[in-house]
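Below is one structure, written out as structure tokens, with a few remarks after it.
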Amino acid sequence: MMKTKLPSALVRSSAPLLALAATAFVFAFIARAADDRVKIDNDHARVLVVASTPGAKSELHEHKMNRVMIYLDAGQMTLTDATGKVETLNFKAGQVLWSPATTQPHVSLNVSDHPVRIVEVEIKSNRGRLGTTQPSSLDWVKMDPRHCKVEIENDQVRVIRARYGPHETGVMHEHAWSYIVVFLTDCNLKVTRPEGESATAIKAAGEVSAGGPSKHVEENLSDKPLELVVVEFKN
């Protein structure tokens, strides 16, 4: 069989192109991998679901926005700033914490013996700027304190934990602000509007979704308890 030999000039000229293509592929792959963590990015917040393996160590970085942290798994992490100061964080599954913008860059290290997943809600609104919208007379927390509990409230957000037993139904209420939902358990939830129109939300534990101002009532269609965290954006 006769073998075709490419001209050496063509081989030499194609080598840089192949290297460039390979480099472009690597950068595209890295960009995709980074983007995979971002689940929501809108006018109110950027929401990331970050998975950290045991011993995973970050680069030196900082956080310029205030954040709400929802820990999907229990674990322990250390934060070491540029001066060498170490802060240890111990967190439980389902715990919610307020994390102010950092004043110094730091390195994070997962010192747990297992992977941990964290939902990070980076808040885009200006600190100290009060919104004009206020909760209505059908405010969720006011109407249904049996199922809803305020975990965090400040001038940027109100964070609510909601729990429903198997086949429990809440009460008609109104969300005056836009919000995101973090599902701590698997979800099979029927949502019914005042007009009678309904839809079913089926989500896996660890998923997130976004919503806007609305009125509705929820019903847990599952045989298991439902737990979720709602972050409402005040401005």
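What to note about this one:
- For the stretch 181-204, taking the residues that are touching an Asp or Glu at 6+ places or on another chain (Cβ under 8 Å) and without any contact (Cβ under 8 Å) to a residue 40 or more places away in the chain, the one that is farthest from Ile40 (Cα to Cα) is identified as Thr192.
- Checked against the criterion of being over 28 Å from Val230 (Cβ atoms), part of a strand (DSSP E or B) and touching a Lys or Arg at 6+ places or on another chain (Cβ under 8 Å), the candidates Leu109, Leu48 yield just one match: Leu109.
- Index of the failed condition, Thr132 passing every other in (1) loosely packed, with under 13 Cβ neighbours inside 10 Å; (2) modelled with pLDDT of 95 or more: (2)
- Residue ID - nearest to Leu48 (Cα to Cα), chosen from residues in the stretch 58-112 that are basic (Lys, Arg) and within 17 Å of the chain's Cα centre (by Cα): Arg67
- Within the stretch 51-88, tally of residues that are buried (at least 16 other Cβ atoms within 10 Å of the Cβ) and among the aliphatic types (A, V, I, L, M): 8
- Only one of Val157, Val181 that is farther than 20 Å from Leu226 by Cα and either surrounded by 16 or more Cβ atoms within 10 Å (Cβ to Cβ) or at pLDDT below 95 (or both): Val157
The values are calculated or read from the model by the stated rules, or taken from the named source; none is laboratory data. On a predicted model such as this, the values are computed, not experimentally measured, just so you know. Ideal geometry is used to build each Cβ from the backbone, glycine not excepted, and the neighbour counts take in all protein chains shown.
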